[in-house]
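These notes are about the structure you will find just below.
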Amino acid sequence: MEIVLIVILFFFILGLGGWLAFTEYRYRQLASSFRLLMTGRGGADLEATLMDFVARMDQVERLAHGMDSRVTGVEVKLPNLVQHVGVIRFNPFLDKGGDQSWVMAILDDHADGAVLSALHSRMDVRVYAKPVIGGQSTYTLTDEEKDAIARAMKPRA
């Protein structure tokens, strides 16, 4: 009976030794991986890398906030900027020349702006400007000027 107990104890100690060797092997692997993780590829430790990353993220956040403010400012101004232009060429004198005369409507999103007309003849050129508010003018608009306004405000694809 004593011999059986000694054999069992021997195998138990042998198993504990094997288990200890295995855990020591795994510990060395994990320690090596941890050292590699902490030193990084370029020799910088993980803490310094993370601190650099956090600093960069703070900078990106400040830049994004600044861009957001700028975009908001542009969105406020955008409807009042010239966005719609319509040009019509025509011949006001049926017996002479080609389509050298033109009308240009320059409007914002509210259809406010101006209509410029240039009438070309053999002897001279006359240029007229008329204010436009809401697609209409206090001055009488010619058919070509109305067409230029309509062309300028036509939805684009």
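The values are calculated or read from the model by the stated rules, or taken from the named source; none is laboratory data. In this text, all values refer to a predicted model and were calculated from it rather than measured experimentally. Reconstructed Cβ throughout: ideal geometry from the backbone, glycine too, with neighbour counts over all protein chains shown. Ligands, DNA and RNA are excluded from the accessible area calculation, which covers all protein heavy atoms including side chains. Shrake-Rupley method; radii C 1.70, N 1.55, O 1.52, S 1.80 Å.
General remarks:
- Yes/no for Ala55 being open to solvent by less than 80 Å² (accessible area, probe 1.4 Å), in contact (Cβ under 8 Å) with a residue 40 or more places away in the chain and of a type outside the set (D, E, K, R): no
- Qualifying position, being open to solvent by less than 100 Å² (accessible area, probe 1.4 Å), more than 30 Å from Pro131 (Cα to Cα) and either in contact with a helix residue (DSSP H, G or I) (Cβ under 6 Å, 6 or more places away or on another chain) or in a helix (DSSP H, G or I) (or both), among Thr72, Thr23: Thr23
- If you go through the range 65-86 and keep only what is β-branched (Val, Ile, Thr) and in contact with a strand residue (DSSP E or B) (Cβ under 9 Å, 6 or more places away or on another chain), you end up with Val82, Val85.
- Which listed residue, of Ala111, Ala105, Ala129, is open to solvent by less than 50 Å² (accessible area, probe 1.4 Å) and at pLDDT 95 or above: Ala105
- Checked against the criterion of being at pLDDT 90 or above, open to solvent by 80 Å² or more (accessible area, probe 1.4 Å), out of contact with any strand residue (DSSP E or B) (no Cβ under 7 Å at 6 or more places or on another chain) and not aliphatic (A, V, I, L, M), the candidates Arg62, Arg89, Arg41, Arg35 yield just one match: Arg62.
- Each residue in the range 132-157 was checked for being open to solvent by 40 Å² or more (accessible area, probe 1.4 Å) and of a type in the set (A, V, I, L, M), and 4 of them qualify.
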